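All remarks here apply to the structure that follows.
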Amino acid sequence: MYFFRSTLFVLATLFLSPANFAQVDSTGVYNNSLEKGSRSVQFRVTNNFY
Amino acid sequence: MFHRSAKLAYRLGVGLNFGIDSDDSELTADNSFTRVRDTETTSNQFGLSINATRLKYFTPKKRMSFYWGAGPEVGFRFSDRDVNTNSTFEDSSMGISESSTQSIALNIGGILVFGTEFFLHKMISLTAEYRSRSAYTWTSEERDQIDTSSSGDVVNQNTSTTKHQVFIGSSSVLLGLSAYF
């Protein structure tokens, strides 16, 4: 339960921080994570395999 | 996925596939005589593939980013299929047929992708991707069949088959969720 609450707190802090909502600057650039050094994990489903 | 720059990323992908299928069919011919053929089929398959893709983003600093990419892929698939058939004519046995087929397929090829990534948040995005795959596939299949006639005669047949296939442009659509860290 402690782990669950801690994880929830970390995620909430991460995603609700004001910096993450300042998404488009005055020049129209979107503040996403497509930048040098970023990593991501994807979960995907497909309609067929072979 | 690892970004070398805003426009360039490398992606390592692992694909898994499972399939379980069970089928029971009964064919009845009811005329002046009654003939019944009952067939039970079960099949299982498991597949694994690994690919590495180099992705190029056209418009990285937009809420919706388009990209394309290409890279090599290798994979294998194992499948197992059992078919049991029991035939009767006027309630007396016409024979039983049992077959078991195992196959393993190995493939090596490449993939070409074109997709779009929509950012819900700075660190979370949804992805829709069109993928075209071309590959050479080697398949080895072993089939054992035992036919038992109504008089008790048993015929045993074993078949080994090796196939070489090349396919170009097998396409699929992938939907995904990405989390950046």
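The values are calculated or read from the model by the stated rules, or taken from the named source; none is laboratory data. Keep in mind it's a predicted model, so treat the numbers as computed, not measured. No Cβ is skipped: glycine too gets one built from the backbone with ideal geometry, and neighbour counts run over all protein chains shown.
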Can you find a residue that is in contact with a His (Cβ under 8 Å, 6 or more places away or on another chain) and within 14 Å of another protein chain (Cβ to nearest Cβ) anywhere in the range B:116-136? yes
**Study point:** Condition met for B:F78 (over 20 Å from B:Q102 (Cβ atoms) and in contact with a Ser or Thr (Cβ under 8 Å, 6 or more places away or on another chain))
**Key:** no
Over the range B:141-172, the set of residues in contact with a Ser or Thr (Cβ under 7 Å, 6 or more places away or on another chain) and of a type outside the set (G, A, S) is B:E141, B:E142, B:R143, B:D144, B:Q145, B:D147, B:V154, B:T162, B:K163, B:Q165, B:F167, B:I168
Checked B:L106, B:L126 against criteria (at pLDDT 95 or above and aliphatic (A, V, I, L, M)); the one match is B:L106
Picked from the range B:119-141 (must be in contact (Cβ under 8 Å) with a residue 40 or more places away in the chain and exposed (fewer than 15 other Cβ atoms within 10 Å of the Cβ)), the residue farthest from B:V154 (Cα to Cα) is B:L126
Among (1) surrounded by 15 or more Cβ atoms within 10 Å (Cβ to Cβ); (2) within 11 Å of another protein chain (Cβ to nearest Cβ); (3) under 27 Å from A:V41 (Cα atoms), B:L112 falls short only on (2)
Within the range B:28-45, residues being under 17 Å from B:S99 (Cβ atoms) and not charged (D, E, K, R) number 6
Selection from the range B:36-78 of residues of a type in the set (G, A, S) and either touching a helix residue (DSSP H, G or I) at 6+ places or on another chain (Cβ under 6 Å) or surrounded by fewer than 20 Cβ atoms within 10 Å (Cβ to Cβ) (or both) yields B:S43, B:G47, B:A52, B:A70, B:G71
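A quick yes/no check of all residues on (1) at pLDDT 75 or above; (2) assigned to a loop (DSSP other than H, G, I, E, B):
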| residue | (1), (2) |
| --- | --- |
| A:F3 | yes, no |
| A:L8 | yes, no |
| A:L11 | no, no |
| A:S26 | yes, yes |
| A:N32 | yes, yes |
| A:V41 | yes, no |
| A:V45 | yes, no |
| A:F49 | no, yes |
Within the range B:137-151, of all residues that are within 14 Å of another protein chain (Cβ to nearest Cβ) and either hydroxyl-bearing (S, T, Y) or touching a Lys or Arg at 6+ places or on another chain (Cβ under 7 Å) (or both), the one farthest from B:N86 (Cα to Cα) is B:T137
Scanning the range B:152-169 residue by residue, those within 17 Å of the chain's Cα centre (by Cα), more than 17 Å from B:S132 (Cβ to Cβ) and either within 14 Å of another protein chain (Cβ to nearest Cβ) or hydroxyl-bearing (S, T, Y) (or both) turn out to be B:K163
Within the range B:7-35, residues surrounded by 12 or more Cβ atoms within 10 Å (Cβ to Cβ) and aromatic (F, W, Y) come out as B:Y10
Filtering the range B:170-181 down to residues that are assigned to a strand (DSSP E or B) and either among the hydrophobic types (A, V, I, L, M, F, W, C) or away from chain A (no Cβ under 13 Å) (or both) yields B:V173, B:L174, B:L175, B:L177, B:A179
